[in-house]
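For reference, the structure discussed in these notes is given below.
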Amino acid sequence: MAKLILDFEKPIIELEQKIEEMRKYEDNLDIAGEIRTLEKKVDQLRDTIFSNLTRWQRVQLARHPDRPYTLDYIHMMLDDFVELHGDRHFGDDKAIVGGFGRLGEDTVLVVGHQKGRDTKSNVYRNFGMPNPEGYRKALRLMQLAAKFRRPIITMLDTPGAYPGMEAEERGQAEAIARNLFEMSHLPVPIIVVIIGEGASGGALGIGVGDRVLMFENAWYSVIAPESCSSILWRSWDYKEQAAEALKLSASDLLEQGIIDRIIPEPPGGAHRNHAAAGETLKKILLEELKVLKKIKPEKLVEKRVEKFCKMGRWEE
Amino acid sequence: MSWFRRSKENISTAGQKKDIPDGQWTKCEGCSDIIHRKQLEQNYFTCLKCGHHFRIGSREYFELLLDPKTFKEMDAKMRSVDPLNFVDTKRYSDRIKDTIKKTGLYDAVRTGTGEINGIPIVIVCMDFAFIGGSMGSVVGEKIARAIDRALKKKLPLIIISASGGARMMEAAYSLMQLAKTSAKLAQLSDAGIPYISVMTDPTTGGVTASYAMLGDIHIAEQGSLIGFAGPRVIKQTIGRDLPKGFQRAEFLQEKGFIDIVVHRKDLKETITKVLRLLTD
């Protein structure tokens, strides 16, 4: 499958390819110096482009089909992972995965949205759009984690909860609401990581926790820019403006107090280097867990509710 | 050139659809019958002929449900700010100002304490007329404080929902109100205080995906549209028309999400009965 190259990535990739090309002749020709100069140049170019990304460009990065997904992080970070299936009521939603595994020395539960990488796997994963049984599976697993006193890590990456007929019949809204309610008072540490797309209630449905971390090029908001454009501008053409207006980037959300910490991505974005992204995340998760584990369950819950209650701006 | 020119400004044809019609006579949206305003009022703003429920606001609900002179409003003047300087086709700050002027309301929810057939309660009611009953920071904060009051005074909570969902112009702040209100409701539930959720037409999006669906008892007005995604979006997803009655109160009851579907005229008695059974 041809790799997707975003418009703003093109100059970087072209230069990188040129360097690759030159390396082939490095042994015969004395071009080592030239290669070094070009490497410096590509680093500079990458820095310039990536430090000036628009919000819409970040949305595109967050949706990049090569970006690491929940199962990728699980396999990179956890040992002895056991995936668990089903909500015990209706079925097993493939758009949300979860299971226990070891993160360093701790057994943790990881639950997250799961997208597919090609058409076939995307159909299997319903493009990462959960049905109610997905949220109910997540809740069942989180309640198991609470029962056995294991910390919970959730990974958000969804274009939204599935807006289908059956989803409505089975109570999409109730399933999400129930998760928000229950997650707010589970007596174990919960770390939420927005790894890609955080679209509205479908993302938040597994997103209530003590610490909310977000990858540098992920997005998180009340609605996707395209849908926002179609509703407020009555046209699909204002997605860039909508992305700007929604202030949905990691640095925006840190400023708004919605997230606690930004996870830096490897140069060029997480899709360019899975291993580095996984390593950074693991290191940060271990750090965060160490702090959270020391807090008593009652205090943890109290602080969690307080944290979300502070969110919002008003005047009186 | 047309023969007749409209010379007076006070004749209008393309007026905005109003929640409660201003004139003396109005046409029922359900059966097209012509009803007199007095008649409509006496019949709880429902059509005598077909039972269609007109959309009404917090003022009407408080009058309908609460014993006279018992309502004490809380945080009446809390207002939305424009934390993100949001501009679409219009500035959000202007939108707020204009809507306040147009509706006489300060935001999409009003909260307070009152009595219902002598039972003291905390009551919350949304106004669909205020930016589609959308939930932003003010709605979330007012509801959180109402729940705090219910917790402190050990009073049952009633929330009457009417909303298109979270307010886009406050973006992530709006989204977080789902978590905030749900977390407060968990505290209320842990304290063993009853919460009755009343869903009216329409209750969709983030409001359904948070407090509306978290009641101990779910009551819905007959015929109300209740759902997560709106019918237009679902139609787009599945590429065909939706069956008649889909996402209506009766349908949701059939699917197991609503305890009681009521006609508006029975709302007060139904709530009273439930409260007496749960709190006596």
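Descriptive notes on the structure:
- Only Lys, Arg (+1) and Asp, Glu (-1) charged, at Cβ; the range A:219-269 dipole about Cα centre in debye: 120
- Only Lys, Arg (+1) and Asp, Glu (-1) charged, at Cβ; the protein assembly as shown dipole about Cα centre in debye: 1640
- Net charge dipole size for the range B:19-134 [Lys, Arg +1 and Asp, Glu -1 on Cβ; Debye, nearest 20]: 260
- Taking 7 Å steps out from each Cα toward its Cβ at residue B:81 and residue B:232 produces label points 3.2 nm apart.
- Among beta bridges identified by DSSP and lying wholly in the protein assembly as shown, the antiparallel ones come to about 45 percent.
- Sorting A:89, B:53 by the number of Cβ atoms found within 10 Å of their own Cβ, with the fewest placed first, yields A:89, B:53.
- Antiparallel %, DSSP beta bridges [both residues in chain A], to 5: 40
- The range B:127-276 - convex hull of alpha carbons, volume per residue in Å³: 114
- Calculated FRET value between residue A:27 and residue A:149, using beta carbons and R₀ = 45 Å, to 0.05: 0.20
- GNM top mover of A:21, A:244, A:226 - chain A, alpha-carbon springs below 10 Å: A:21
- The tail of the calculated P(r) for the range B:237-280 beyond 13 Å holds 67 percent of all Cα-Cα pairs.
- Leading residue at positive end of dipole, the range B:39-99 (Cβ point charges), from B:46, B:62, B:78: B:78
- Where no second cysteine Cβ lies under 4.7 Å, the cysteines concerned in the protein assembly as shown: A:228, A:309, B:125
- Largest-first ellipsoid semi-axes for the range A:57-310, taking √(5λ) over the Cα gyration tensor eigenvalues, angstrom: 25, 21, 19
- Compactness check for chain B: Cα Rg over 2.2 N^0.38 Å is 1.04.
- Taking chain B as a Gaussian network of alpha-carbon nodes connected by springs under 10 Å, the highest mean-square fluctuation of the residues B:23, B:57, B:192 belongs to B:23.
- Length-normalised contact order of chain A in % [C-alpha pairs under 8 Å, at least 6 apart]: 16
- Candidate lysines - alpha carbon under 21 Å from residue A:299, same-chain residues fewer than 8 apart omitted: A:147, A:290, A:307, A:310, B:152, B:180, B:184
- Structure-based [θ]222 nm, the protein assembly as shown - -39500 (n - 2.57) summed over DSSP H runs of at least 4, per residue, nearest 500: -12000 deg cm²/dmol
- Choice from A:57, A:17, A:143 with maximal GNM fluctuation in chain A (Cα, 10 Å cutoff): A:17
- Neighbour cut-off at most 16 other Cβ (10 Å), DSSP loop, trypsin sites (Lys or Arg not before Pro), the range B:123-181: B:154
- By the count of neighbouring beta-carbon atoms within 10 Å, fewest first, A:211, A:67, A:36 end up ordered A:36, A:211, A:67.
- Mean projected area in nm² (Cα convex hull; one quarter of hull surface) for the range A:62-213: 8.2
- Placing pseudo-labels 7 Å out from each Cα toward the beta carbon at residue A:66 and residue A:299 gives an inter-label distance of 4.6 nm.
- Each DSSP beta bridge with both residues in the range B:127-278 is either parallel or antiparallel, and the antiparallel ones are about 5%.
- FRET E, pair residue B:67, residue B:34, Förster distance 41 Å, beta-carbon r, rounded to 0.05: 0.80
- Under conditions of 4 °C and 1.567 mPa s, the range B:54-134 yields 94 µm² s⁻¹ as its translational diffusion coefficient, taking Rh as the Kirkwood radius over Cα pairs in the Stokes-Einstein equation.
- FRET E, pair residue A:44, residue A:236, Förster distance 51 Å, beta-carbon r, rounded to 0.05: 0.90
- Signed unit charges on C-beta, dipole axis of the protein assembly as shown, positive-most listed residue B:171, B:133, A:248: B:133
- The range A:17-50 and the range B:28-56 have Cα centres separated by 76 Å.
- Here the residues B:252, A:186, ranked from fewest to most Cβ neighbours within 10 Å of their Cβ, fall in the order A:186, B:252.
Bear in mind these aren't lab numbers, they're just calculated from the coordinates by the rules spelled out. It should be emphasised that the depicted structure is a prediction, and the values quoted were computed from it without experimental measurement. Positions of Cβ are generated from backbone atoms using ideal geometry, with glycine treated the same way; all protein chains shown enter the neighbour counts.
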